[in-house]
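Written out below as structure tokens is the structure these notes cover.
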Amino acid sequence: MNIRPALPPIVCLLSMLVPTGHSAVSTGTPFYGDPPDQTHPWAIHDRNRAQPKLVVPGTFSTAAQPGKPPSDAIILFDGTDASLDKWESDSKEGGPTKWIVRDGAMECVPKSGYVKTREQFGDCQLHVEWAAPVAVKGDSQGRGNSGIFLMGLVEVQVLDNYNNPTYADGFAASVYGVNPPMANALRAPGEYQMIDIIFRRPVYDGDKVLDPGYVTVFCNGVLVQDHTPIEGPTGHMKRTVPKAFPAKGPLKLQDHGNPVRFRNIWYRPLPPRAVEGGTDGILSTDVTKAKRAGIAASIRADAATLAAGSNEQMLRLAESLVYAPDTATSRKVEQLAIAYATVVKALSAAALEERKAEVTQNLRAFQYLAKANVFPMTFGPKITLEQISKSAGWDDKK
Ligand code: MG
């Protein structure tokens, strides 16, 4: 028979030995990995951290068929006349571009000028496919030349370098005038080249460089630019110098006098980096502190939805203290923990054994909280549960 001892009134109110069955969280265990610190708002393996957003992946392109972009991609050109309206002339007069749509591709009409997107954006994953004219004309920089201008400022070169040498820093997939590609992975003229770019613009605070910005490029799946630092807007003949960029700019494609074709152009905006207010990565102590306060508040809001005084609510409130201190929460947890320890201490050996899992869970929580300096190592309920665990022969060490 399992007879529960008479409880002090406060403990009766707590109903803390009755699990509520609340199961909102199934993504990990609290009181587990290393706690948050000065520059990391999250614990290791933190179950409170948001799940990655769902993106339905697309399909890869073939020579004949452009692939399908991922579900969250912003389409800039999909082969239709309508999507050409997302582009305009970059000439002084502006207005609609004179580039044409032919066979599902937008094609440069020589001497019509650059095109640019009406939309402006900054950091991104960008996908572009281009094909040089089948009829090979010219050499070096004169053969199938165009360019992908990130934010209209940094050119990732488009050039038919299939059996066509040129200066290395002007090669296809070079950051023009800055850094040659690590390989020539081009297909023959007329075939589509699949270009994937990860672009991070330079970030400054006044004159201070917070992040120089980087360009990573894959050409037909081959890594050709590996986090290449940006050295300012690219240019011809002149060495460029780093400078601050605006937050956004248009994507431009170059008219270099060759009828280069483009298809399947899309991008995915990237989240801000830690240096510009992002909340992943190594953060400043101020940002970390603010983020930890926000996480603590969110956990306390969740705790408020749990049965008042339940074991589960105590643990959830205790969890919040790992992120940010709060005197009232701390007092409440301590009160509940003392009451809990009192109840457990009074249990018969048989009743205690039935609650082994719960008592062990709470002991681990109290030990974690002490290790994280939320409570002192001499925290009363922790000591009590340690004694109980020891005398019951529940040795955690295997
Ligand atoms: Mg070019």
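Every number in this text was worked out from the coordinates using simple rules, so none of it is lab data. Note that the structure is predicted; figures quoted are calculated from it, not measured. We place every Cβ from the backbone using ideal geometry, glycine too, and count neighbours over all the protein chains shown.
Couple of notes before you dig in:
- Across the chain, C-alpha contacts under 8 Å between residues 6 or more apart give a mean separation that, scaled by the residue count, equals a relative contact order of 20 percent.
- With bins 5 Å wide beginning at 0, the percent of Cα pairs of segment 74-276 falling in each bin runs 1, 8, 17, 21, 21, 17, 10, 4, 1, 0.
- Over segment 315-373: Rg over Rh, Cα atoms, Kirkwood Rh: 1.02
- Contact order for segment 74-276, expressed relative to its length and based on alpha carbon pairs under 8 Å spaced 6+ residues apart, stands at 31 percent.
- Magnitude of the charge dipole for segment 125-205, about its Cα centre and with charges confined to Cβ atoms of Lys, Arg (+1) and Asp, Glu (-1), is about 60 debye.
- Prolate/oblate/rounded label for segment 45-108 (Cα gyration tensor, a/c 1.5): oblate
- Axis angle, to the nearest 10 degrees, between helix 356-371 and the longest C-alpha principal axis of the chain: 70 degrees.
- The long axis of helix 285-303 is offset from the longest Cα principal axis of the chain by roughly 50 degrees.
- When the listed pairs Lys111/Lys248; Lys53/Lys289; Lys86/Lys111; Lys137/Lys252; Lys291/Lys356 are checked against a 30 Å cut-off, the alpha-carbon distance exceeds it for Lys291/Lys356.
- When only alpha carbons are used to place a centre, segment 298-370 and segment 32-100 end up 44 Å from one another.
- Kirkwood-Stokes translational diffusion coefficient of the chain, alpha-carbon pairs, 25 °C, 0.890 mPa s, µm²/s: 96
- Stokes-Einstein diffusion for segment 204-255, with the hydrodynamic radius set to the Kirkwood value over Cα pairs and evaluated at 25 °C in a medium of 0.890 mPa s, equals 188 µm²/s.
- Three principal axis lengths of segment 152-272 [C-alpha, angstrom, descending]: 45, 31, 26
- On Cα atoms only, tilt of 327-345 relative to the major axis of the chain in degrees: 50
- Summing charges over neighbours of Pro250, with a neighbour being any other residue whose Cβ is under 9 Å away from its Cβ, gives +1 when K and R count +1 and D and E count -1.
- Rounded, prolate or oblate (a/c below 1.5 giving rounded, otherwise prolate when a/b exceeds b/c) for segment 357-398 by Cα gyration tensor: prolate
- Net charge, Ile338 excluded, C-beta distance under 12 Å - Lys, Arg +1, Asp, Glu -1: +3
- Computed over the chain with a Gaussian network model linking Cα atoms closer than 10 Å, the most mobile of Leu347, Leu385, Leu126 is Leu347.
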